[in-house]
1. For the range 81-106, how many residues are surrounded by 17 or more Cβ atoms within 10 Å (Cβ to Cβ) and closer than 21 Å to Pro11 by Cβ?
2. Which condition number in (1) out of contact with any Asp or Glu (no Cβ under 9 Å at 6 or more places or on another chain); (2) closer than 20 Å to Thr20 by Cβ; (3) among the aliphatic types (A, V, I, L, M); (4) crowded, with 17+ Cβ neighbours inside 10 Å is the one that Leu126 fails?
3. Kindly list the number of the only condition in (1) farther than 30 Å from Gly160 by Cβ; (2) of a type outside the set (D, E, K, R); (3) more than 14 Å from the chain's Cα centre (by Cα); (4) not in a loop (DSSP other than H, G, I, E, B) that fails for Ala22.
4. In the range 116-172, what count of residues is obtained for those that are without any contact (Cβ under 8 Å) to a residue 40 or more places away in the chain, of a type in the set (Lys, Arg) and either closer than 24 Å to His62 by Cα or in contact with a His (Cβ under 6 Å, 6 or more places away or on another chain) (or both)?
5. Starting from residues that are touching a Lys or Arg at 6+ places or on another chain (Cβ under 8 Å) and not basic (Lys, Arg), keep the ones in the range 103-126 and report whichever is nearest to Trp90 (Cα to Cα).
6. Only one of Ala66, Ala109, Ala117 is surrounded by 15 or more Cβ atoms within 10 Å (Cβ to Cβ), closer than 30 Å to Glu154 by Cα, in contact with a strand residue (DSSP E or B) (Cβ under 7 Å, 6 or more places away or on another chain) and among the aliphatic types (A, V, I, L, M). Can you tell me which?
7. Could you tell me which numbered condition Phe85 fails, if it satisfies all but one of (1) free of Cβ contacts under 8 Å to residues at least 40 places away in the same chain; (2) in a strand (DSSP E or B); (3) not acidic (Asp, Glu)?
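The values are calculated or read from the model by the stated rules, or taken from the named source; none is laboratory data. What you see is a predicted model; the values in this text were computed from it and never measured. Note that each Cβ is placed from the backbone with ideal geometry, even for glycine, and that neighbours are counted across all protein chains shown.
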Amino acid sequence: MSTAPLVFLRPLEDDDRFRTTAWRNDPETRDAMMSYRLPVTAAMEARWFRSVLDGKRQDEVHFALAEPVHGACVGLTSLREIDQFSSTAWVSILIGDRAFRHSGLGKVALEQLMAYAKDTLALRKLGARILDFNAASQRLFQAVGFQPEGRLKEQVFVKGAFHDLLLYGRFL
């Protein structure tokens, strides 16, 4: 008996930006992310999407996490700072749609992203930067084989305080 996948990775589409703008402006989601933490306007998100969809960014690749029934975007995952000489990149993932959090979708998406990084981009190692209070992300990355590699003390100001930035790594 085969089971349908929880998620599949697909290229971002222009219409996805309406969902991502809302996620980036949700305080709980924004505070857990390592990205722009000020309010994001529709015009700002449209500019970012155009830069991604134009394919001019050679050091990063972004995917929508698509639910399998309708292909709707329920999150994002990216490889950033792709270094072709060292064969490394930084990973990020966001499950924006709260209905899909804690469902196993993140693990499946990261496994697919790691396969893409190894088999298509010939990367040998991935890293992740996680805020110390984001226990769910720590568990997720450990579940797919990432190991703690370092800690930058009081590196990021979020929620009125400085927090440590945890560095994780995984060889592919």
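1. Matching residues across the range 81-106 total 13.
2. That leaves (2) as the condition not met.
3. Status for Ala22: all satisfied but (1).
4. 1
5. Leu126
6. Values: Ala66 fails: closer than 30 Å to Glu154 by Cα; Ala117 fails: closer than 30 Å to Glu154 by Cα.
Unique residue meeting the criteria: Ala109.
7. Only one criterion in (1) free of Cβ contacts under 8 Å to residues at least 40 places away in the same chain; (2) in a strand (DSSP E or B); (3) not acidic (Asp, Glu) is unmet by Phe85, namely (2).
Every residue, every condition in (1) free of Cβ contacts under 8 Å to residues at least 12 places away in the same chain; (2) assigned to a helix (DSSP H, G or I), yes or no:
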position: Met34; (1), (2): no, no
position: Arg37; (1), (2): no, no
position: Glu45; (1), (2): no, yes
position: Ser51; (1), (2): yes, yes
position: Gln58; (1), (2): no, no
position: His70; (1), (2): yes, no
position: Val74; (1), (2): no, no
